[in-house]
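Novice: One structure follows; several queries about it will come next.
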Amino acid sequence: MTAAMLASLVLNYDHLSDPKYLLKVGVIIQATKGNPEFGVFPEHGSPEKLEEKYNQLKIAFEGAQDKSRSMIKLRNATRKETDGILYTMGHHIQSHCQGNEESLRKSGYELRIPRGAGSARTLHPPAQPSGWVVEQGASTQLKFKVPPTRGAVFCEIWCTEGDPSIEENWQYKGGFPEFEGVLTGFKTGARYSLRARLVGKAGASDWTNTISIVVE
């Protein structure tokens, strides 16, 4: 089986009702939490982070049953945040397992197995984003915005206080389905390098240009 024909995980669960979505998230947590088979997850895309959001989902889903506009808004926002964690975890698992169907099946995600080269439409990773911005926010926070391209589901932000030419220096800051947000955890007066990429169902885009900024 060629790289283009490797089995992959189903990462989109928009079609599921709230109860079935909650059940699926719970299954993935049970399958991945503490399981060394999937390696070390990034902090913002880990089973622990998913479990934290899962507990918020249960409250939001229950609250939305009374048709309260504020609770429905909270439910929608929480589910979208959970989607971002599911995508991040799923891409990590796929990268770590390298198409190993037996390992992928143990993840709790559903598995998509190719039936032949011409059996389905070919998906492509999102195009490289351009014109993304990073600016000083409140206190030691940084605000960012990444323009999405076709096929993008969320963006990843990575940063380093060290030499940006050394790949091992880069640290994952999170996945953001809104393509914008606020980053925290920086030190006053320190210079940081940041980069971003878009992630879709078929993989990740090339990296953006690197932005260097001194945190005030």
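The values are calculated or read from the model by the stated rules, or taken from the named source; none is laboratory data. For clarity, every value in this text was computed on a predicted model and none was experimentally measured. With ideal geometry, Cβ positions are generated from the backbone for all residues, glycine too; neighbour counts draw on all protein chains shown. Protein only, heavy atoms only, side chains kept; ligands, DNA and RNA dropped before computing areas. Shrake-Rupley method; radii C 1.70, N 1.55, O 1.52, S 1.80 Å.
Novice: Return the residues of region 142-186 that are open to solvent by less than 50 Å² (accessible area, probe 1.4 Å), among the aliphatic types (A, V, I, L, M) and assigned to a loop (DSSP other than H, G, I, E, B); say none if nothing qualifies.
Specialist: VAL146
Novice: Being out of contact with any helix residue (DSSP H, G or I) (no Cβ under 8 Å at 6 or more places or on another chain) and open to solvent by less than 30 Å² (accessible area, probe 1.4 Å) is the filter; apply it to region 187-200 and report the residue that is farthest from THR88 (Cα to Cα).
Specialist: For region 187-200, the residue satisfying everything is ALA190.
Novice: Would you confirm whether any residue within region 2-12 is part of a helix (DSSP H, G or I), touching a helix residue (DSSP H, G or I) at 6+ places or on another chain (Cβ under 8 Å) and open to solvent by less than 40 Å² (accessible area, probe 1.4 Å)?
Specialist: No, region 2-12 contains no residue that is part of a helix (DSSP H, G or I), touching a helix residue (DSSP H, G or I) at 6+ places or on another chain (Cβ under 8 Å) and open to solvent by less than 40 Å² (accessible area, probe 1.4 Å).
Novice: Conditions first: (1) open to solvent by less than 70 Å² (accessible area, probe 1.4 Å); (2) over 18 Å from VAL199 (Cβ atoms); (3) not basic (Lys, Arg). GLN30 passes all but one, so which condition is the exception?
Specialist: Against the list (1) open to solvent by less than 70 Å² (accessible area, probe 1.4 Å); (2) over 18 Å from VAL199 (Cβ atoms); (3) not basic (Lys, Arg), GLN30 comes up short only on (1).
Novice: Oh, and also: List every residue pair whose Cβ atoms lie under 6 Å apart, where the two residues are 6 or more positions apart in sequence or sit on different chains, the first residue falls within region 175-200 and is farther than 16 Å from ALA127 by Cβ, and the second residue, located anywhere, is charged (D, E, K, R) and assigned to a strand (DSSP E or B).
Specialist: GLY175/GLU156; GLU180/LYS145; VAL182/LYS143; LEU183/LYS173
Novice: Would you tally the residues in region 86-126 being modelled with pLDDT of 85 or more, open to solvent by 90 Å² or more (accessible area, probe 1.4 Å) and farther than 14 Å from LEU6 by Cα?
Specialist: Residues in region 86-126 being modelled with pLDDT of 85 or more, open to solvent by 90 Å² or more (accessible area, probe 1.4 Å) and farther than 14 Å from LEU6 by Cα: 1 in total.
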